[in-house]
Structure formats: C-alpha cells, structure tokens
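K.L.:
Shown below is the structure under consideration.
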Amino acid sequence: MGNIAGVKRDFKALEKRRLKGLKLRREGMPRSEVARRLGVSRHAVRQWEKQVEEGGEEAV
C-alpha cells in the first residue's frame, strides 16, 4: 500500500486517530469496533497497543 506520490499526509490527523483508538480500547471497546469506527484494520489497532506497551504513548 503506502503513500501515493505527491500526496501529503496529515500527520497530526493520523496521530489524533491513533490516540482516539487507544482511548476507545482503554474504555473497553473491542479492537474490531475501534478499527471499524476509525477506518483501519484490527492489526493496525493492535500495533498501536503494542507500541504503547513497548515505549509508552509517546511511541505512537
């Protein structure tokens, strides 16, 4: 997949989405529902959680 050449990513928006996903998980929402609401894969949500486990929220 990846970024299309010439298309700029909004890194602040991506960070905001990751933090929202982590908040929803802490509140007990299932990974699949978080993924559906945010338009990402369950694997992406798990990766965010793993990054936090290994390096704290700053790692996300």
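K.L.:
Does Glu49 meet the test of being in a helix (DSSP H, G or I), over 11 Å from the mean Cα position of the chain (by Cα) and not hydroxyl-bearing (Ser, Thr, Tyr)?
P.N.:
No; evaluated as a whole, the condition is false for this residue.
K.L.:
Which is surrounded by 13 or more Cβ atoms within 10 Å (Cβ to Cβ) and modelled with pLDDT of 95 or more, of Lys20, Lys16?
P.N.:
Exactly one of Lys20, Lys16 is surrounded by 13 or more Cβ atoms within 10 Å (Cβ to Cβ) and modelled with pLDDT of 95 or more, namely Lys20.
The values are calculated or read from the model by the stated rules, or taken from the named source; none is laboratory data. Since we're looking at a predicted model, the values are computed, not measured. When we count neighbours, we look across all protein chains shown, and the Cβ atoms used for this are built from the backbone with ideal geometry, even at glycine.
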